[in-house]
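Just so it is clear, none of the values below were taken in a lab; they were calculated from the coordinates. If you're wondering where the values come from, they're calculated on a predicted model, not measured in any experiment. Positions of Cβ are backbone-derived with ideal geometry, glycine not excepted, and every protein chain shown enters the neighbour counts.
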Amino acid sequence: DTEVTQTPKHLVMGMTNKKSLKCEQHMGHRAMYWYKQKAKKPPELMFVYSYEKLSINESVPSRFSPECPNSSLLNLHLHALQPEDSALYLCASSQTLKKTGGYTFGSGTRLTVV
Amino acid sequence: AQSVSQHNHHVILSEAASLELGCNYSYGGTVNLFWYVQYPGQHLQLLLKYFSGDPLVKGIKGFEAEFIKSKFSFNLRKPSVQWSDTAEYFCAVNDNTNSGKSTFGDGTTLTVKP
């Protein structure tokens, strides 16, 4: 089991739906990340939060909207997605941006857009 | 921008064989280096990391990696692989710019035959 919990594990949504992915960690980490991973590909960074503030947005389309309501939670709101957005969405955390020590990853949410 | 190159896309070994997976990075400054492993159906896990000091670092499950600054390399090794080492292995680099951002290589699929 990982110390970063992601829900749901699987999600199927239509192109007109609105859904949210949730990520939670209780390690006291102050940096949290969203990555997207396609099959047999490396994770691609989407967003970085540091002390609940958005630090990096890797030019992600606005149909993906991140939110960090507190130091333990990270959400990713999804709206009007495209089939090509189907992927494994990974949440990760690290102690801080400077002291990463490596990421702790969640198990991911496997998203299918139909 | 930094980049990470993993030379071997797919490696097939028999049990007890020795393993070496190559990783080269492009960034010329100070870097933090990582190897992650993703077992089938599981989340990404940190295998080992290098920040400074002894260039030979030891990780979990008998893995080790050697940082060679002059070659911009951080190769992963294991003297004797087991069937349970079958997984995807990713090398990653932080350019130490306090962004927390890791750049991942394309990954190497390791298949160990029993």
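Can you flag which of A:LYS99/B:LYS61; A:LYS40/B:LYS61; A:LYS53/B:LYS58; A:LYS53/B:LYS49; A:LYS9/B:LYS49; A:LYS41/B:LYS49 are past 31 Å Cα-Cα?
Going by Cα-Cα distance, A:LYS53/B:LYS58 fall outside the 31 Å limit.
Please compute, for peptide B:37-48, the average count of beta-carbon atoms on other protein chains lying within 10 Å of each residue's beta-carbon.
Going residue by residue through B:37-48 and averaging, the value is 4.
Could you estimate the translational diffusion coefficient of chain A from the Stokes-Einstein equation, with Rh from the Kirkwood formula over C-alpha pairs, at 37 °C and 0.692 mPa s, in whole µm²/s?
235 µm²/s
Whose amide H sits under 5 Å from the amide H of A:GLY108, counting only residues 5 or more places off or on another chain, with H placed in the peptide plane?
A:GLN6, A:CYS91
Give the average, rounded to an integer, of partner chain Cβ atoms located within 10 angstrom of each Cβ in B:86-98.
Per-residue shielding by partner chains comes out at 2.
Within the stretch A:1-34, report the trypsin sites (Lys or Arg not before Pro) that DSSP leaves as loop and that have at most 10 other Cβ atoms within 10 Å.
When the trypsin sites (Lys or Arg not before Pro) of the stretch A:1-34 are filtered for loop state and at most 10 Cβ neighbours within 10 Å, A:LYS9 remain.
Restricting everything to alpha-carbon atoms, can you work out Rg to Rh for the protein assembly as shown with a Kirkwood hydrodynamic radius?
0.97
If you find the alpha carbon centre of the stretch A:35-101 and of the stretch B:1-61, how far apart are they in angstrom?
If we compute the Cα centre of each part, the gap is 23 Å.
So which aspartates and glutamates can B:LYS71 reach, going by Cα to Cα under 18 Å and dropping same-chain residues fewer than 8 places off?
Partners found: B:GLU20, B:ASP54, B:ASP95.
What relative contact order, as a whole-number percentage, does chain B give when Cα pairs under 8 Å and 6 or more residues apart are counted?
37 percent
Can you tell me which aspartates and glutamates have their Cα less than 14 Å from the Cα of A:LYS38? Leave out same-chain residues fewer than eight positions away.
The qualifying aspartates and glutamates are A:GLU84, A:ASP85, B:GLU88, B:ASP106.
With a cut-off of at most 14 other beta carbons within 10 Å, and DSSP calling the residue loop, which chymotrypsin sites (Phe, Trp or Tyr not before Pro) in the stretch A:6-113 qualify? Please list them.
A:TYR51
Per-residue mean of other chain beta-carbon atoms within 10 angstrom of the beta-carbon, peptide A:24-33?
Whole-number average of other-chain Cβ neighbours for A:24-33 is 1.
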